[in-house]
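Asks: Quick one: the structure is below, and I'll ask about it shortly.
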Amino acid sequence: MSGRVEGKICVITGAAGGLGLAMAHALGREGGTVVVTDIDAARGAGAEDELRQAGIAASFLSHDATSPEDWERIIAAVLQRHGRIDVLVNNAGGGLDMDIEAMDFAHYKKMIALNLDTAFLGNKYGVAAMKATGGSIINLSSVGGLIGTASLPAYSAAKGGVRLLTKCVAAHCGQRGYGIRVNSVHP
């Protein structure tokens with residue numbers, strides 16, 4: 001199929017490389033205008049160039065997805081430039097984990113911020129931006145959010161939280177008739 005997101009404005013967080021960049025390519029090939037965000041400005045600019053060279057309408061915004069202020073800034077920038085957001089992919093996350101005995105609380109909090117707080121903020125600001133026009137929010141969870149893994153307790157807890165946060169936000173949007181689909185995927 002082609003043209004599934006023709007003319008749609010698609011924001012993908014954590015898209016300077018890896019899965020986020022692959023999703024930006026896929027959405028762009030399907031006709032979407034993509035806005036890639038990432039904390040790594042140099043890689044983000046490179047991703048923008050790569051997407052444009054592939055014939056995709058793309059732009060990059062530097063973005064710390066753990067920061068409410070950065071969310072406010074990038075949402076305002078996209079709305080000012082494009083007038084709406086149709087698709088928001090909350091992909092920012094990752095990190096290395098360790099078993100429960102080796103992990104200190106600071107590492108645990110970092111993993112929760114990187115993998116769950118980013119999704120919370122994306123959903124909060126995404127719903128506000130989309131509620132008048134509708135749209136789609138896709139939250140990246142993980143198979144680690146479905147099953148426990150001895151070496152990934154903080155990551156798995158965060159990704160399990162993303163799964164249930166998604167259900168809560170979907171119910172919220174449905175009850176209010178916002179026309180926003182909210183789904184999680186679990187690679």
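Asks: Which loop GluC sites (Glu not before Pro) in the range 1-48, with loop taken from DSSP, have no more than 10 other Cβ atoms within 10 angstrom of their Cβ?
Replies: Passing both the DSSP loop test and the Cβ count: Glu6.
Asks: Follow-up question, since we're still on this one. Determine ³J(HN,Hα), in whole Hz, for all residues of the range 151-163 in sequence, where each value follows from phi through the Karplus function 6.51 cos²θ - 1.76 cosθ + 1.60 and θ = phi - 60°; x replaces Gly and Pro.
Replies: Per-residue couplings from phi come out as 8, 10, x, 6, 4, 5, 4, 5, 5, x, x, 4, 4 Hz.
Asks: So, one more: Cross-link partners among lysines for Lys131, C-alpha distance below 16 Å, same-chain residues fewer than 8 apart left out?
Replies: Candidates past the 8-residue exclusion: Lys8.
Asks: A further question follows. Per residue, how large is the accessible surface of the chain? Use a 1.4 angstrom probe and give square angstrom.
Replies: On the way: 9010 Å² over 187 residues.
Averaged over the residues of the chain, the accessible area is 48 Å².
Asks: Give the residue list of trypsin sites (Lys or Arg not before Pro) in the range 1-69 that are DSSP loop and have at most 13 other beta-carbon atoms within 10 angstrom.
Replies: Arg4
Asks: Take peptides 103-111, 82-90, 12-20 and line them up by average Cβ neighbours within 10 Å, highest first, as a rough protection proxy.
Replies: Going from most to least packed, we get 12-20, 82-90, 103-111.
Asks: Find out how many positive minus negative residues lie around Pro68, taking Lys and Arg as positive, Asp and Glu as negative, among other residues whose Cβ is under 15 Å from that of Pro68.
Replies: Details: positive: Arg73, Lys124; negative: Asp64, Glu69, Asp70, Glu72, Asp117.
So the environment of Pro68 carries a net charge of -3.
Asks: Let me ask you something else. What shape does the range 92-187 have by the C-alpha gyration tensor, where a ≥ b ≥ c are the square roots of the eigenvalues, rounded means a/c under 1.5, and otherwise prolate means a/b greater than b/c and oblate the rest?
Replies: The shape class here is prolate.
Asks: What fraction, in whole percent, of alpha-carbon pairs in the chain exceed 21 Å separation?
Replies: 48
Asks: Using only DSSP helix segments of four residues or longer, with each worth -39500 (n - 2.57), what per-residue ellipticity at 222 nm results for the chain after dividing by its residue count and rounding to 500?
Replies: It lands at -14500 deg cm²/dmol.
Asks: Counting other Cβ atoms within 10 Å, which GluC sites (Glu not before Pro) in the range 69-116 have at most 15 and lie in a DSSP loop?
Replies: Here the sparse-neighbourhood loop sites are Glu101.
Asks: Relative to the present Cα-Cα distance, how much length would full extension add between Ala76 and His186 at 0.36 nm per residue of separation? Don't skip to the end; give the middle numbers.
Replies: Working: separation 110, 0.36 × 110 = 39.60 nm, distance 2.90 nm.
Here the answer is 36.7 nm.
Asks: List the lysines whose alpha-carbon lies under 25 Å from that of Lys110, not counting same-chain residues fewer than 8 positions away?
Replies: Lys124, Lys159, Lys167
The values are calculated or read from the model by the stated rules, or taken from the named source; none is laboratory data. Fair warning: this is a prediction, and the values are worked out from it, not measured in the lab. In this analysis, Cβ positions are derived from the backbone assuming ideal geometry, glycine residues included, and neighbour counts consider all displayed protein chains. Protein only, heavy atoms only, side chains kept; ligands, DNA and RNA dropped before computing areas. Shrake-Rupley method; radii C 1.70, N 1.55, O 1.52, S 1.80 Å.
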